[in-house]
Amino acid sequence: FTWCYESTEDQALQDDRYLSLRYKFVRSGVSTGAEFYDELSYQRKSLCWLAFGDRLAVEASDPFAMQRYILATIYYGLGEPQRMLNEGWLSGQFECEWTPLVGCDSRTDSTVTRLALSGTGLTGELPKEMEFLTDIDYIDFSVNKLSGNLTNLFDGWRYLDTLKIASNSFQYIPENLYTLTELTELDISLNDFVGPIPSNLGSMTNLVHLDLSQNAFNGIIPDFRNLSFLKSLYLHHNELTGSMPPGICTLRFFELLSLTSDCNPSSLEVECEPTCCTACGDYDTDKNPFQRN
């Protein structure tokens with residue numbers, strides 16, 4: 001099917017299924033006609049695969065056609081990593097059978113709710129089409145080479161419970177991150193985030209695990225006293241200064257079991273009493289944080 005995106009779109013537009021799928025996706029707003037017209041775009045490759053390369057041969061009338069198209073954009077938009085194909089991505093099976101990379105809702109086993117793509121060789125910026133995976137509740141894209149702006153994606157992920165993007169090259173926390181109010185686990189460690197830690201993270205009151213370590217955050221630590229469900233808060237290997245807020249230390253009397261910062265006496269950056277911080281400069285557990293349940 002490579003002929004479909006190695007030349008102009010004229011020939012593909014003669015095919016009724018290609019045309020109807022294209023019309024559906026443009027009308028829904030997931031992609032644009034200009035993007036499909038561009039033979040170099042990942043959108044064009046994704047549509048060509050769906051129309052001519054996919055053994056499942058879905059029709060535009062299929063309610064899950066757009067979901068399957070969006071999953072194709074993840075592959076074609078993020079470097080076309082071979083490991084994804086090796087593990088069943090873009091197979092002729094229904095996408096809920098692309099396990100273990102994809103998980104679907106337990107009630108109907110038809111709507112994608114889980115993407116587990118850690119260490120699959122993804123590169124570049126996450127496709128904007130992912131915003132339309134509106135039932136997603138678990139995303140693990142850690143240990144890849146991802147970058148770019150996540151702002152537009154968060155608008156569609158209102159049910160997101162877990163977001164793991166550790167060990168990538170993201171630089172800026174989207175201003176609307178705090179709107180992901182259902183999040184219980186947020187791991188953005190080992191990236192290139194800079195600037196102050198956003199204080200509005202303190203409004204994400206369902207958080208249980210929060211890992212901001214190994215970035216370039218600077219300034220003082222916000223008072224997260226309202227995060228009463230927190231069990232772990234990792235802040236080490238940043239450029240933070242000042243003292244650990246008393247409100248965070250108070251959480252140690254409740255659910256907070258792990259609290260780290262750069263509080264080593266030899267190179268003190270953050271003042272934190274031993275009764276408050278559980279480790280200085282590293283994790284307080286031997287467990288790989290990327291494998292945390």
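The values are calculated or read from the model by the stated rules, or taken from the named source; none is laboratory data. Note that this is a predicted model, so its numbers are computed, not measured. Cβ sites come from the backbone with ideal geometry, for glycine too, and all protein chains shown count toward neighbours. These area figures cover heavy atoms from the full protein model, side chains too; ligands, DNA and RNA do not enter into them. Shrake-Rupley method; radii C 1.70, N 1.55, O 1.52, S 1.80 Å.
Going from the alpha-carbon gyration tensor of the stretch 106-203, what semi-axes, largest first and in whole Å, does one get by taking the root of 5 times each eigenvalue?
21, 17, 12
Out of 281, 79, 29, any idea which swings most in a Gaussian network model of the chain, alpha carbons joined below 10 Å?
29
Contour minus end-to-end for residue 181 and residue 159, with contour as 0.36 nm per residue of separation and end-to-end as the Cα-Cα distance? All intermediate terms of the calculation are to be shown ahead of the outcome.
Values: separation 22, 0.36 × 22 = 7.92 nm, distance 0.82 nm.
Roughly 7.1 nm would be gained on extension.
What's the magnitude of the charge dipole for the stretch 131-219 around its Cα centre, counting Lys and Arg as +1 and Asp and Glu as -1 at the beta-carbon? Answer in Debye, nearest 20. Before the final figure, lay out the partial values.
Details: 3 positive and 12 negative charges, 54 e Å.
Dipole of the stretch 131-219, to the nearest 20 debye: 260 debye.
Ignoring ligands, DNA and RNA, how do 237, 209 rank by accessible area with a 1.4 Å probe, largest first?
Values: 237 95, 209 35 Å².
Final ranking, largest accessible area leading: 237, 209.
Where Rh is the Kirkwood radius over the Cα pairs of the stretch 120-160, the temperature 37 °C and the viscosity 0.692 mPa s, what D in µm²/s does Stokes-Einstein return? It would help to have the intermediate numbers written out before the result.
Working: Rh = 10.8 Å.
Result for D is 303 µm²/s.
Put a dot 7 Å past each Cα toward the Cβ at residue 243 and residue 149; how far apart are the dots in nm?
Distance between the two pseudo-spin positions: 3.9 nm.
Would you compute, for the Cα atoms of the stretch 49-126, the largest minus smallest coordinate along each principal axis and list the three values in descending order, in whole Å?
32, 30, 21
Counting other Cβ atoms within 10 Å, keep those with at most 13, restrict to DSSP loop, and tell me which GluC sites (Glu not before Pro) in the stretch 57-134 are left. Write down the numbers at each step before the final one.
Working: sites: 59, 87, 95, 97, 125, 129, 131; in loops: 59, 87.
Those satisfying the criteria are 59.
Nearest 5 is fine: what % of DSSP beta bridges in the chain come out antiparallel, could you say? Before the final figure, lay out the partial values.
Details: 3 of 33 bridges.
Counting DSSP beta bridges with both partners in the chain, the antiparallel share is about 10 percent.
Is there a quick way to get the dipole size of the chain? I mean about its Cα centre, with the Cβ of Lys and Arg at +1 and of Asp and Glu at -1; what is the value in debye to the nearest 20?
Working: 20 positive and 41 negative charges, 56 e Å.
Rounded to the nearest 20 debye, it is 280 debye.
Most mobile of 218, 238, 191 per a Gaussian network model of the chain (Cα springs, under 10 Å)?
Of the options given, 218 has the highest mean-square fluctuation.
At R0 = 35 Å, how high is the FRET efficiency between residue 203 and residue 56 if r is their beta carbon distance? Nearest 0.05 is fine. Display every interim value, and only then the final one.
Details: r = 42 Å, r/R0 = 1.21.
E between residue 203 and residue 56, to the nearest 0.05, is 0.25.
Divide by every residue of the chain the summed helix terms, -39500 (n - 2.57) for each DSSP H run of at least 4, and state the resulting mean residue ellipticity at 222 nm, rounded to the nearest 500 deg cm²/dmol. Write down the numbers at each step before the final one.
Working: 7 runs with 53 residues, N = 293.
Rounded to the nearest 500, the figure is -4500 deg cm²/dmol.
Largest first and in whole Å, give the semi-axes of the stretch 1-158's equivalent ellipsoid, each being the square root of 5 times a Cα gyration tensor eigenvalue. Write down the numbers at each step before the final one.
Values: eigenvalues 109, 60, 49 Å².
Semi-axes (√(5λ), whole Å): 23, 17, 16.
Separation between the residue 99 and residue 226 pseudo-spin-labels, each 7 Å from Cα along Cα→Cβ, expressed in nm?
Simple spin-label model gives 4.0 nm for this pair.
Find, among the trypsin sites (Lys or Arg not before Pro) in the stretch 207-293, those assigned to loop by DSSP (not H, G, I, E, B) with at most 10 other beta-carbon atoms within 10 angstrom. Write out the running numbers ahead of the final one.
Details: sites: 225, 231, 252, 287, 292; in loops: 225, 231, 252, 287, 292.
Sparse-neighbourhood loop trypsin sites (Lys or Arg not before Pro): 287.
On average over all directions, what projected area in square nanometres does the chain have, based on the convex hull of its Cα atoms? Walk me through the numbers before you get to the answer.
Working: hull surface 62.6 nm².
So the mean shadow area of the Cα hull is 15.7 nm².
Between 266, 61, 228, where does the largest GNM mean-square fluctuation fall for the chain, given springs only between Cα atoms within less than 10 Å?
266
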